[in-house]
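Asker: I am attaching a structure below and will ask some questions about it afterwards.
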Amino acid sequence: MTRRNLFSWLAAVGLAHKAQAAPQQTPAAAPATNAAITPLRLTDAQWRERLTPQQYAVLRQEGTERPGSSALNGEKRKGQFVCAGCDLPLFHSQHKYESGTGWPSFHTAIAGAVGTKTDFKLVLPRTEYHCARCEGHQGHVFTDGPQPTGKRYCNNGVALKFVPEVA
Ligand SMILES: [Zn+2]
C-alpha cells in the first residue's frame, strides 16, 4: 500500500466514522454558549469583505496558519485576545503560556466565549473551538496543557487581535 493509498483509506474511514458519529455531535452553538452573547451572522460575501484572505481562511474555512507565523506568539503584555472576526474577548493574557508549538496557546478561555465541536479532518477526532458570537474557527483544544486546567487551547494567531490593557 502506498502512502497515498493509505491516506485515502484513512480518509474514507474517517468520513465513515464522521457519518456514523454525526447524530451524537453537539451542535456548534451548544449549551456552552453564553446566552448573553448575541450571535453575529454575516453572509459569506460580508465576511470576505470584512476579513483579510488569511483571516477568512482560518475563521470561515477552518484553515490552520503556518506555525511560528504569528506575531502574537511573542505577545507578553497584559491585555485581552479578542476574536479577529467580531472583537469578542476570548482569552486573558494571564492565561497565555509558551507551549513551544509555534501557535499562541492558552490554558483557560473566557467563560462562555468559545464553543466546541468534534472534527475529523486529520482522521483522529480533535476538538475544534470557535468564537461563541460569530462562530469563527479559532483552533483546537487538547488535554496536554498546564495546570490549573490541563488544557491547551492552540490558537491561530491570525484569528485573534490583541488589545493591550490601558494602564
Ligand atoms: Zn467572533
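Asker: Please express the Cα-Cα pair-distance distribution P(r) of the stretch 41-118 as a list of whole percents, one per 5 Å bin, running from 0 to the bin with the greatest distance.
Answerer: Here the calculated profile for the stretch 41-118 is 3, 13, 20, 25, 23, 11, 4, 0.
Asker: Please work out whether the stretch 26-164 counts as rounded, prolate or oblate from its C-alpha gyration tensor, where a ≥ b ≥ c are the square roots of the eigenvalues and a/c under 1.5 means rounded, while otherwise a/b larger than b/c means prolate and anything else oblate?
Answerer: Here the stretch 26-164 falls in the rounded category.
Asker: I need the trypsin sites (Lys or Arg not before Pro) found in the stretch 52-153, filtered to DSSP loop residues with at most 16 other beta carbons within 10 Å of theirs.
Answerer: Values: sites: R60, K76, R77, K78, K96, K117, K121, R126, R133, K151, R152; in loops: R60, K76, R77, K78, K121, R133, K151.
Sparse-neighbourhood loop trypsin sites (Lys or Arg not before Pro): K76, R77, K78, K121.
Asker: Show me, for the stretch 127-133, the HN-Hα J-couplings you get by feeding each phi into the Karplus relation (A = 6.51, B = -1.76, C = 1.60, θ = phi - 60°), rounded to Hz, glycine and proline as x.
Answerer: 9, 7, 10, 8, 4, 6, 8
Asker: Follow-up question, since we're still on this one. Going down the list K78/K161; K96/K161; K76/K161; K78/K117; K76/K117, which pairs span over 22 Å between their C-alpha atoms?
Answerer: From K78/K161; K96/K161; K76/K161; K78/K117; K76/K117, over 22 Å: K78/K117; K76/K117.
Asker: Check G63: other-chain or 5+ apart residues with amide H under 5 Å from its amide H, H built from backbone geometry?
Answerer: Under 5 Å from the amide H of G63 lie the amide H atoms of V58, each far enough along the sequence or on another chain.
Asker: Related question: GluC sites (Glu not before Pro) within the stretch 128-167: which are DSSP loop residues with at most 12 other Cβ atoms inside 10 Å?
Answerer: E165
No lab work stands behind these numbers, since they all come straight from the coordinates. What you are looking at is a predicted structure, and each value in this text was computed from that prediction instead of being measured. With ideal geometry, Cβ positions are generated from the backbone for all residues, glycine too; neighbour counts draw on all protein chains shown.
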